[in-house]
Amino acid sequence: MTLHEAIEQVLQNAEKPLFSRDIADIINNQNLYKRKDGLPVSASQVTTRANNYSKLFTKEAGKIKLVKDDVVSLKFQHYRNKLVHESNAIRTYGRANKIDVIVRSLEELLHEDDYTYNHNHPREKLLVAHKLCDWFFKQSNSGSLRLSDKLITVLSGLNWFQNNDNTIEIYFEGYNDFLLKIAADNKAATFSINSDYNPNLFNEFEYNNHLNELVSKLIDRGNITYMMSQTITTGIFIPPFRRSAARNSRGEFDLMLSKLQNNHSQLDKAILIVQSGVLSSQASFNKEAREQIINSGALEAVITFPNGMFENTAMNVSMFIFDFNTRDNQVFFLDASNTLKDDMSEVVRTINNKKYVRDVSRTIAYEDLFNYDLNPKKYVIDIDDIQVKPDHKLYQIGQLIEQRKYGAMFKNKNSLYVGGEYKLIKMADIDKNGLYFEPKENMLGIDHDEIENIDKHLVRGGVVLSAFNKKIKASVLPNDMSFALGQNVYWLKFYDNEVLDEYAARELTQPYVTKQVEYYSKGATIPRLSVRDLMEIKIQIPGLEEQKNILFKEFRKSEKQVHGDNVTNQEKDFIKTLKHTLKQPLSGLGNDFTSLKSFLNKKIEAKESIESNETIVPVFDTDTPEQIEIHTLKNTLDRMERSVTDMDYILEQAIKIISISEPIKESIQLKKFLQNIASEYPSIQFKITGKEVEFLADRKQLRILLHNFITNAIKHGFKDSYETPTIWLEIKAKDTISFQLSIRNNGVPLPPEFTIQDFLAKGSSIQSDVGSGFGGFLIGLILKKHKGTIELIKNEGFGIMPHNVEFLITLLK
């Protein structure tokens, strides 16, 4: 998304003119546009861009507004509001009626008078339909497989769609509303959808084909009156990508490939989406499939995408493009998984122009394909392109080591416990920023008689590393302590007359090594490096004396940085938060104490008795009975007592924060743990869903974290709410190494300007006097200790959801 498109979207959603500062804040908070220099979008940048696009934006009373009442935006807002108003029916009748709601809206849109749209842009109705479907499915949290905005941008930008009479045959077990965007973006072309080619291929979900039929009708009526001279028939093949390992993904891929082979004679072009693991997997059926694809001679391009190209799944996917008319014995490869992942428009330009970009894209002759491998990294990355420094030599890691070991999964998980004879090194225990491995007291361990082939898994000294997600983390182990190696952890013992352990660990994290790791890494969801490929990685090494000099300089540099900070940012934040949180009760207590002191002095001088209902400050004729009641002696004393109690509570919370040490982790069954927590709050209705997850955490700290969420909801959310207090706790799968916990409640919605930084209560380190106390600060600290993250989910459409507030926590398993 470009910056002016982001500004346009913000104004459309706001339905009113906004100041440039407000637009910039919304763009930054919602990550609608990211600057290449990493800085946030500024108000001046928004103003300049708006001035440059005078056809889109104008000024009104100092605010930026859309030049005209955009018909697409107005129509979208109209139908979206109708959907929100039907939220009661959605809640009552469940998922089927949710689909009926969007179907009814599309039917109304289909039969709406076309004269309300711009005749020069007959596709405006398609844009309204696409925006409406996209908004609806995102708000309803549908579990169906849906193409992301990024993938739709790529498909709609393919150049053969631009100026032809296009027939699309779609093989996809899902909703085809993404085709609306393809047709709408290519205004000079015509489109028709062959619905006969969209059966329920896998007979697992009963999709409402009525919606897909309406999509086809909308596209057909959106065509201009004349047809193009050239007709292009394109097949789009998208497997369902099961999220369960138990599903037969091989069968899905085989069926899609079979459909492609059986129907290619009727096609000019084809697009096949596959799991990225298919590109280079050594499984026999995948190799055979790649062999068939290459031998067809029709393969035109292979593109690997970044994560997140489909919603509701973490699967990494790639795309094959076939051209059945022009077979020039060349394949264009593009690796968009890293360098271009934030700019899909550049991905489209690179595909259409088949542009060479170093380490990103390249055209290869069929005869240069090796071993039927179709992973773009094999062809676009030149791992031999290493600029060797003076007085350095290039070695493969396998040439520098005298011994190597790798960890394994222990059969009996119950044999792992804190205090075991040998501490177990897991991937998460290796600090990416730490040169030396620092064992923690609470690390899980295992006894020697529980380890099979003990010599294969025990190590001391040397370098321990993990090669996960295309990166290496490496640390030097102490020589006086033995460790057990966990799953996916490698250990290398280098020849001490060739390379220092510290230098090898440092060199393994350099960019030129990371480039090689990306080249060799394999895996459909999270790529990893095999120990065999690790041995092929090349590093450049100087002589031993020069290694020592380089390390010494870096150590001295890091020492200066450490000694320069006498007080850490975390300590500053703690002090500022403590000051801010005590400010209110101290101020109230001070005012009441001054008034009480003056009142008592007057009573003593006059030798008068004291009554509890007397006011301790002068009152006026205009004061209401409620205002007078506030200043009675009894209420003043009660208020002072509450202030003292509040300060005691605040200091108790502060002590908790100070006492939060490194977590003592143990195995916790999360769902059972949540049910126990919920039982402590009988006045609140809890709905706990999701599959059981077993993970390592500090039980005491986890209790503190959850209790703070619940008490915060009671104090701020449910206080003025008329709904039955309800909290949803949903466990969600994320990827192989982490999971998510969604915490939602139906209390009073948060203010629009409220941010996650406000919740985490960082005091004036964020902005002047902001923060909500120690509860959020404590939650943030505990999550940091557990290497977790938290997001505040803000969805404009919460009107159709039963909850108003949602926090999303991500934790490691």
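So which residues in the stretch 284-308 are closer than 30 Å to Lys138 by Cβ and either in a helix (DSSP H, G or I) or touching a Lys or Arg at 6+ places or on another chain (Cβ under 6 Å) (or both)?
Pro306
Please verify whether the stretch 416-436 includes one or more residues that are among the aliphatic types (A, V, I, L, M), closer than 30 Å to Ala365 by Cα and touching a helix residue (DSSP H, G or I) at 6+ places or on another chain (Cβ under 7 Å).
no
Which of the residues spanning the stretch 350-371 are assigned to a loop (DSSP other than H, G, I, E, B), under 34 Å from the mean Cα position of the chain (by Cα) and surrounded by 12 or more Cβ atoms within 10 Å (Cβ to Cβ)?
Lys354, Lys355, Tyr356, Asp359, Val360
Right, Lys762: closer than 19 Å to Thr789 by Cβ and at pLDDT below 75 or not?
Here the answer is yes, as Lys762 does meet what is asked.
Determine the pairs where a residue that is more than 21 Å from Glu507 (Cβ to Cβ) and at pLDDT 85 or above, located within the stretch 424-449, has a partner that is loosely packed, with under 14 Cβ neighbours inside 10 Å and of a type in the set (Gly, Ala, Ser) with Cβ atoms under 7 Å apart, the partner being 6 or more residues away or on another chain.
These pairs meet every condition: Gly445/Gly419.
Among the residues of the stretch 1-33 satisfying the criterion of being β-branched (Val, Ile, Thr) and without any contact (Cβ under 8 Å) to a residue 40 or more places away in the chain, which is nearest to Leu132 (Cα to Cα)? Give the derivation first.
As a first pass, look at the stretch 1-33 and keep what is β-branched (Val, Ile, Thr): 2, 7, 10, 23, 26-27.
Within this subset, residues satisfying the condition of being without any contact (Cβ under 8 Å) to a residue 40 or more places away in the chain are 10, 26-27.
Values: Val10: 16, Ile26: 21, Ile27: 21 Å.
Ranking the qualifying residues of the stretch 1-33, first place goes to Val10.
What are the residue pairs meeting all of these: first residue in the stretch 362-383, first residue of a type in the set (Asp, Glu), second residue open to solvent by less than 30 Å² (accessible area, probe 1.4 Å) and not in a helix (DSSP H, G or I), Cβ atoms under 9 Å, and 6 or more apart or on different chains?
What qualifies is Asp373/Ser280.
List the residue pairs whose Cβ atoms are under 7 Å apart, where the first residue sits in the stretch 195-223 and is among the hydrophobic types (A, V, I, L, M, F, W, C), the second is at pLDDT 75 or above and assigned to a loop (DSSP other than H, G, I, E, B), and the two are 6 or more positions apart or on different chains.
That search, which allows pairs on different chains as well, returns Leu201/Glu173; Phe202/Glu173; Phe202/Pro240; Phe205/Glu173; Leu211/Tyr175; Val215/Asn176; Val215/Asp177.
Just checking, which of Leu158, Leu180, Leu151 is open to solvent by less than 10 Å² (accessible area, probe 1.4 Å) and in contact with a Leu (Cβ under 6 Å, 6 or more places away or on another chain)?
Result: Leu180 is the single residue among Leu158, Leu180, Leu151 that is open to solvent by less than 10 Å² (accessible area, probe 1.4 Å) and in contact with a Leu (Cβ under 6 Å, 6 or more places away or on another chain).
Looking only at the stretch 156-167, count every residue that is assigned to a loop (DSSP other than H, G, I, E, B) and without any contact (Cβ under 8 Å) to a residue 40 or more places away in the chain and tell me the total. Give the steps one after another, and end with the answer.
Looking only at the stretch 156-167, we keep the residues that are assigned to a loop (DSSP other than H, G, I, E, B), and these are 158, 162-164.
Among the residues that remain, those that are also without any contact (Cβ under 8 Å) to a residue 40 or more places away in the chain are: 162.
The total comes to 1.
Return yes or no: is Tyr197 modelled with pLDDT under 90 and farther than 23 Å from Asn325 by Cβ?
It is false that Tyr197 is modelled with pLDDT under 90 and farther than 23 Å from Asn325 by Cβ.
I'm trying to understand the selection: among the residues of the stretch 527-574, which are modelled with pLDDT under 65, polar (S, T, N, Q) and within 29 Å of Pro390 (Cα to Cα)?
Of everything in the stretch 527-574, those that are modelled with pLDDT under 65, polar (S, T, N, Q) and within 29 Å of Pro390 (Cα to Cα) turn out to be Ser558, Gln561.
Could you look through the stretch 34-53, keep only residues that are without any contact (Cβ under 8 Å) to a residue 12 or more places away in the chain and in a helix (DSSP H, G or I), and pick out the one that is farthest from the chain's Cα centre (by Cα)?
For the stretch 34-53, the residue satisfying everything is Asn51.
For the stretch 54-63, indicate whether the set of residues that are free of Cβ contacts under 8 Å to residues at least 24 places away in the same chain, in contact with a Lys or Arg (Cβ under 9 Å, 6 or more places away or on another chain) and open to solvent by 80 Å² or more (accessible area, probe 1.4 Å) is non-empty.
Looking for residues that are free of Cβ contacts under 8 Å to residues at least 24 places away in the same chain, in contact with a Lys or Arg (Cβ under 9 Å, 6 or more places away or on another chain) and open to solvent by 80 Å² or more (accessible area, probe 1.4 Å), one finds at least one in the stretch 54-63, hence yes.
Could you tell me which residue of the stretch 178-194 is modelled with the lowest pLDDT, considering only residues that are of a type outside the set (A, V, I, L, M) and not in a helix (DSSP H, G or I)?
Asn194
Restricting to the stretch 320-343, give me the number of residues that are among the aliphatic types (A, V, I, L, M) and within 22 Å of the chain's Cα centre (by Cα).
Residues meeting the conditions: 2.
Modelled with pLDDT of 85 or more, in a helix (DSSP H, G or I) and not hydrophobic (A, V, I, L, M, F, W, C): is that true of Thr153 in this structure?
Yes.
Among (1) part of a loop (DSSP other than H, G, I, E, B); (2) closer than 30 Å to Leu109 by Cα, there is one condition Asn31 misses while meeting the rest; what is its number?
The number of the failed condition is (2).
Is there any pair linking a residue in the stretch 66-86 that is basic (Lys, Arg) to one that is at pLDDT 75 or above and open to solvent by less than 70 Å² (accessible area, probe 1.4 Å), with Cβ under 7 Å and at least six apart or on different chains, and which?
Lys75/Val128; Arg80/Leu132; Arg80/Trp135; Lys82/Ser105
Among what's in the stretch 200-231 and is among the charged types (D, E, K, R) and loosely packed, with under 15 Cβ neighbours inside 10 Å, pick the residue that is modelled with the lowest pLDDT.
By that ranking, first place goes to Glu204.
Given the criteria under 31 Å from the mean Cα position of the chain (by Cα), of a type outside the set (D, E, K, R), at pLDDT below 85 and not in a helix (DSSP H, G or I), does Thr577 qualify?
no
Looking at Ile731, Ile782, Ile710, which one is within 30 Å of Glu662 (Cβ to Cβ), touching a Ser or Thr at 6+ places or on another chain (Cβ under 8 Å) and either modelled with pLDDT of 80 or more or buried (at least 17 other Cβ atoms within 10 Å of the Cβ) (or both)?
Of Ile731, Ile782, Ile710, the one residue that is within 30 Å of Glu662 (Cβ to Cβ), touching a Ser or Thr at 6+ places or on another chain (Cβ under 8 Å) and either modelled with pLDDT of 80 or more or buried (at least 17 other Cβ atoms within 10 Å of the Cβ) (or both) is Ile731.
Could you look through the stretch 484-509, keep only residues that are within 26 Å of the chain's Cα centre (by Cα) and open to solvent by 40 Å² or more (accessible area, probe 1.4 Å), and pick out the one that is farthest from Leu394 (Cα to Cα)? Step through it out loud before you land on a result.
Step one: of the stretch 484-509, the residues within 26 Å of the chain's Cα centre (by Cα) are 487-489, 509.
Then keep just the ones that are open to solvent by 40 Å² or more (accessible area, probe 1.4 Å); that gives 487-488, 509.
On the way: Gln487: 30, Asn488: 26, Thr509: 16 Å.
Among residues in the stretch 484-509 that are within 26 Å of the chain's Cα centre (by Cα) and open to solvent by 40 Å² or more (accessible area, probe 1.4 Å), the one farthest from Leu394 (Cα to Cα) is Gln487.
Residue by residue through the stretch 713-728, note down the ones that are crowded, with 19+ Cβ neighbours inside 10 Å and touching a Lys or Arg at 6+ places or on another chain (Cβ under 9 Å).
Ile727
Filter the stretch 282-312 for residues that are under 27 Å from the mean Cα position of the chain (by Cα) and among the polar types (S, T, N, Q); which is farthest from Gln330 (Cα to Cα)?
Asn312
The values are calculated or read from the model by the stated rules, or taken from the named source; none is laboratory data. Everything numeric in this text was worked out from a predicted model, so none of it was measured. Note: ideal-geometry Cβ built from the backbone for every residue, glycine included; neighbour counts use all protein chains shown. Side chains are part of the model used for accessible areas, which takes the heavy atoms of the whole protein and leaves out ligands, DNA and RNA. Shrake-Rupley method; radii C 1.70, N 1.55, O 1.52, S 1.80 Å.
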